[in-house]
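Notes to accompany the following structure.
What follows is calculated from the coordinates using simple rules that are stated; it is not laboratory data. Bear in mind the structure is a predicted one, so any value in this text is a computation, not a measurement. Using ideal geometry, Cβ is built from the backbone for each residue, glycine included, and neighbour counts are taken over all protein chains shown.
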Amino acid sequence: MHNFKHHLAFAGVVLMAMLGSSVAANAQGTVREQFGDWQMSCDTPPGASFEQCAIIQNVMAEDQPNVGLSVIVLKTADREARLLRVLAPLGVLLPNGLGLNVDGKDMGRVAFVRCLPNGCVAEVMLDDALIETLSTGTDAIFVVFKTPEEGIGIPVSLNGFADGFAKLP
């Protein structure tokens, strides 16, 4: 069984340094194209001579209007790694991490790597199996925790993920 937690990216500080652009950290930039429920956004990192692009989806919990996520998928500047980065709201319970469920299948949890002024970041390296799961799936649910017992499931549409991911430069 493929497990989300086997893909923890503990090199968060190094990756953040490599990906210092605003699109990587803050889900901002110039929107280039729409792929289903995902948008491709591009930005040029300070001091860089090339653009960094990501596919992004911003979602809110259905029953908790103040709880939202930004889901960001990008390739590292050296094109060697593919990352799924999730910006969760401040106030989430960090030790419980971020859960992922795709089409009813529990994919495990991933750790938060750092908190920024606008939220806390969980990050996972995308391997081929997880990319395939996200590309062929219909719905993902990301789970953040307010207390050890209370998880909030935030639905993320996978409509357009495969097309958008394929177009990432």
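Backbone amide hydrogens, once placed in the peptide plane, bring residue 126 within less than 5 Å of 82, 83, 84, excluding anything fewer than 5 places away on its chain. Less than 5 angstrom separates the built amide H of residue 120 from those of 88, 90, all sequence-distant by 5 or more or on a different chain. Fully extending the segment from residue 105 to residue 31 would add 23.5 nm, taking 0.36 nm per residue of separation and subtracting the current Cα-Cα distance.
What the phi angles of the stretch 52-57 give under the Karplus curve with 6.51, -1.76 and 1.60, with θ = phi - 60°, is a coupling list of 10, 10, 8, 9, 9, 9 Hz, glycine and proline written as x. Highest mean first, the peptides 81-87, 155-161 sorted by other C-beta atoms within 10 Å per residue fall in the order 81-87, 155-161.
When the GluC sites (Glu not before Pro) in the stretch 115-169 are filtered for DSSP coil states and for at most 14 other beta-carbon atoms within 10 Å of their beta-carbon, the remaining sites are 149, 150.
Can you sort 53, 115 from fewest to most other Cβ atoms within 10 Å of each residue's own Cβ?
115, 53
Computed extension length for residue 131-residue 159: 8.7 nm, one decimal, from 0.36 nm per residue of separation with the Cα-Cα distance subtracted.
Just to confirm my numbers, what's the Cα centroid distance between the stretch 87-101 and the stretch 103-140 in Å? Computed from Cα coordinates, the inter-centre distance equals 11 Å.
Here the residues 55, 131, ranked from fewest to most Cβ neighbours within 10 Å of their Cβ, fall in the order 131, 55.
Rounded to whole numbers, the Karplus 3J(HN,Hα) couplings from phi for the stretch 161-169 are 4, 4, 5, x, 4, 5, 8, 4, x Hz, using 6.51 cos²θ - 1.76 cosθ + 1.60 with θ = phi - 60°, and x at Gly and Pro.
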